[in-house]
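The values are calculated or read from the model by the stated rules, or taken from the named source; none is laboratory data. Note that the coordinates shown come from a computational prediction; the quantities given were computed from them, not determined experimentally. Cβ placement follows ideal geometry from the backbone for every residue including glycine, while neighbour counts extend to all protein chains displayed.
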Amino acid sequence: MIGPSACFHGGIYSVDPNLVKVDFSSSINPLGVSKYVLRSITKDLGSLTSSYPDPECRDLKENLSDYLHTHRECINIGNGATEIIHNFARMYARKKVIIPSPSFCEYELASRRMGACIFFVPLHNLHLDADQIIEKARGSDAIFLCNPNNPTGLLYKKSLKKIIERIDNSTKILVDECFIEFVDESDRHTMIRSIEQFDNLIILRSLTKSFGLAGLRLGYSVSNSKLALKLAAGRISWNVNGIAQRAGSAALMDLEHLKKARTIVQEEREFMYVNIRKRTQFFAPVKSDANYFLIRIKNNKYSSTEIRDSLLTKNGVLVRDCSSFTRMGSNYIRVGIKNHVENLILLDALESFEN
Ligand SMILES: Cc1ncc(COP(=O)(O)O)c(C=O)c1O
């Protein structure tokens, strides 16, 4: 299925930013950036700003290789995971690309830029339709698989594995695990351990969400070293600035920060699920494995855009209107999980929408 481009990003710059008091539209570590990271960058801000950064990001790669228990030759660093999506598309999204849908918009934007023919394979009850994907992927150049998926928040285990095992290895597979660090430990099945088994597999990660570094832009990929070299050839020199490199290394020294954030996500996800169901009639939260979740609008009288606009103008609360995700329709919003006080503001806003 090839469709017209309907997707675009949300975030505070998609609306009047002056209206936003609490932003639930992006899904970042609920604690923000750690104090340890801030101290580490501010103490050397002058030299980090005036010197050229290491074009190879050596320190950061070393720290990532310890964190991931993988070889540094397998890692590529990007100016956000977004840069790597575009590099991947430039190298591999030539003619035919597969994207399960709805999913993260950037895969479509990057593939369209390359003039590739995009085949969207609809999710089935929000889950991957592995057989359809395997069937459609015949003869394709590339496939994007988001795990956990954005916007559904669902983690795919067996279906994802089945797809990776069955797809011909001439098709390059990008598995986007940018939110996997927020998944509960018992379910956190990364595909990083499979990069040697599948030489067409690239795993995408981001430090912007897990460590609250969205403004600095920092992402990375993990693949076998041969593929990593090919991807590296496509990037521009000094693609990652020095402050971002230092912040990334410091973040990996302070893993307690991520651990605390995970506890908040786990508790607040359950709290919000129970309380939205209890306190509202119009809104049905969808169970999620990630640090964000979908809310289905039960009442057909209002679209997701109308609800976003109303919550923003009346309450200063910004939610993600999911109608800009290809094939999502107009009866879902998505919210990030924040701290308890902020989550109560969202609950009140949803409740007051109905009155
Ligand atoms: C699934 C997914 N992958 C990648 C990205 C981009 O991450 P980064 O901020 O590292 O560019 C996003 C951003 O929202 C995302 O939702």
Residue count, the stretch 128-156 (criterion: within 17 Å of the chain's Cα centre (by Cα) and not hydrophobic (A, V, I, L, M, F, W, C)): 8
Some residue of the stretch 204-214 being among the β-branched types (Val, Ile, Thr) and touching a Gly at 6+ places or on another chain (Cβ under 8 Å): yes
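Per-residue answers, yes or no, for (1) touching a residue at least 12 places away in the same chain (Cβ under 8 Å); (2) within 14 Å of the ligand (Cβ to nearest atom); (3) outside any loop (DSSP other than H, G, I, E, B); (4) buried (at least 20 other Cβ atoms within 10 Å of the Cβ):
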position	(1), (2), (3), (4)
77	yes, yes, yes, yes
85	yes, yes, yes, yes
88	yes, yes, yes, yes
100	yes, yes, yes, yes
103	yes, yes, no, yes
110	yes, yes, yes, yes
131	no, no, yes, no
Count - residues of the stretch 26-59 that are within 16 Å of the ligand (Cβ to nearest atom) and in contact with a Leu (Cβ under 8 Å, 6 or more places away or on another chain): 3
Candidate set from the stretch 116-127 (those that are modelled with pLDDT of 95 or more and part of a loop (DSSP other than H, G, I, E, B)); member that is nearest to the chain's Cα centre (by Cα): 123
Candidates 208, 152, 171, 190 - the one that is in contact (Cβ under 8 Å) with a residue 12 or more places away in the chain, in contact with a Ser or Thr (Cβ under 7 Å, 6 or more places away or on another chain) and β-branched (Val, Ile, Thr): 171
The stretch 242-282, residues that are of a type in the set (D, E, K, R) and assigned to a helix (DSSP H, G or I): 246, 256, 259, 260, 262, 267, 268, 269, 270, 277, 278, 279
Residue that is nearest to residue 259 (Cα to Cα) [pool: residues in the stretch 210-219 that are within 9 Å of the ligand (Cβ to nearest atom) and surrounded by 24 or more Cβ atoms within 10 Å (Cβ to Cβ)]: 213
Verdict on residue 93 being modelled with pLDDT under 95, in the same structural domain as residue 177 (by TED's automatic domain parsing) and more than 17 Å from residue 206 (Cβ to Cβ): yes
Filter result for residue 5 (modelled with pLDDT under 95, within 30 Å of residue 344 (Cα to Cα) and either in contact with a helix residue (DSSP H, G or I) (Cβ under 7 Å, 6 or more places away or on another chain) or of a type outside the set (A, V, I, L, M) (or both)): no
Count of residues meeting criterion [touching a Ser or Thr at 6+ places or on another chain (Cβ under 8 Å) and of a type in the set (Ser, Thr, Tyr)] in the stretch 104-140: 1
